[in-house]
Amino acid sequence: MPNKEGEIVVLLKKDFICMLIGASNALDEKINEFTEIDSKFGDGDHGVTMGRISKVIRTKAESSADDETVSEMLLSLSKDVMNVNGGSAGPLYGTIFEGFSEGLEEVGDADEKAIKSMFTGALENIRFITNAKVGDKTLMDTLIPACEKAESSNSPLPKLLEDIADAAYQGAEYSKQCQAKFGRAKFYKEETVGTMDVGAYSLYCLIRGFSNSINK
């Protein structure tokens with residue numbers, strides 16, 4: 001676990017397991033908010049779906065085999081998340097976790113460079129399935145600035161994860177200003193301005209969960 005003494009810090013597999021449990025906790029705390037937001041312009045099922053994804057995340061964290069690497073654990077998780085029923089959230093989050101896994105291939109103990117690679121992998125992977133960009137009112141409003149901060153931050157671990165989570169929050173907040181261009185919400189046009197995108201919000205909560213579990 002990271003220390004506070006200014007020494008070189010790396011994240012071990014047990015820390016990534018803590019991050020997954022932290023993400024699950026953070027999602028569970030906001031299930032009702034996800035449902036409320038999604039009910040305005042979407043199908044109203046984002047809370048239910050994120051609850052299912054949270055359960056899958058927690059199950060994987062609590063059952064990962066001792067000989068499973070972090071990359072293998074996240075790849076297995078990605079497949080389970082992709083199979084979660086509930087619209088586009090399963091495939092999107094599954095793709096993000098698959099990217100996390102690819103970014104950590106051949107990584108044992110993860111330093112700052114590995115965490116940067118992890119987030120870069122997520123962004124590169126999800127761009128294979130969506131061309132959404134910042135301002136389109138999707139989870140990309142959160143993911144893109146989070147990944148950009150991961151790349152540009154000079155902070156050591158564990159502060160690096162806090163920087164990434166802060167950028168994710170700013171991105172989710174920015175989505176309030178935007179008009180939806182994807183999904184059912186796009187048919188509401190200007191009415192969507194002023195409401196945070198629910199996907200951007202849930203992804204922010206997941207990333208904040210990562211950070212909170214390490215920055216204690």
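The values are calculated or read from the model by the stated rules, or taken from the named source; none is laboratory data. Values in this document were obtained by computation on a predicted structure and should not be read as measured data. Virtual Cβ from ideal backbone geometry, glycine too; neighbours counted across all protein chains shown.
For every residue, the table says whether it meets (1) small (G, A, S); (2) over 21 Å from C18 (Cα atoms); (3) assigned to a helix (DSSP H, G or I).
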| site | (1), (2), (3) |
| --- | --- |
| G86 | yes, yes, no |
| Y93 | no, no, yes |
| E102 | no, no, yes |
| E106 | no, no, no |
| K113 | no, no, yes |
| F119 | no, no, yes |
| A122 | yes, no, yes |
| T142 | no, yes, yes |
| P145 | no, yes, yes |
Margin query: Testing D67 on (1) in contact with a helix residue (DSSP H, G or I) (Cβ under 9 Å, 6 or more places away or on another chain); (2) of a type outside the set (V, I, T); (3) not in a helix (DSSP H, G or I), one condition comes back false. Which one is that?
Written below: (1)
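Yes/no matrix, rows are residues, columns are (1) among the polar types (S, T, N, Q); (2) at pLDDT below 95:
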site: G22; (1), (2): no, no
site: E36; (1), (2): no, no
site: S63; (1), (2): yes, no
site: D66; (1), (2): no, yes
site: V81; (1), (2): no, no
Next item on the list: Please find, within the range 163-190, the residue that is surrounded by the fewest Cβ atoms within 10 Å (Cβ to Cβ) out of those that are more than 16 Å from A150 (Cβ to Cβ), without any contact (Cβ under 8 Å) to a residue 40 or more places away in the chain and among the charged types (D, E, K, R).
Entry: E190
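Yes or no, residue by residue, for (1) farther than 18 Å from L12 by Cα; (2) surrounded by fewer than 22 Cβ atoms within 10 Å (Cβ to Cβ):
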residue: D28; (1), (2): yes, yes
residue: F41; (1), (2): yes, yes
residue: I53; (1), (2): yes, no
residue: A65; (1), (2): no, yes
residue: V70; (1), (2): no, no
residue: L74; (1), (2): no, no
residue: V81; (1), (2): yes, no
residue: P91; (1), (2): yes, yes
residue: G99; (1), (2): yes, no
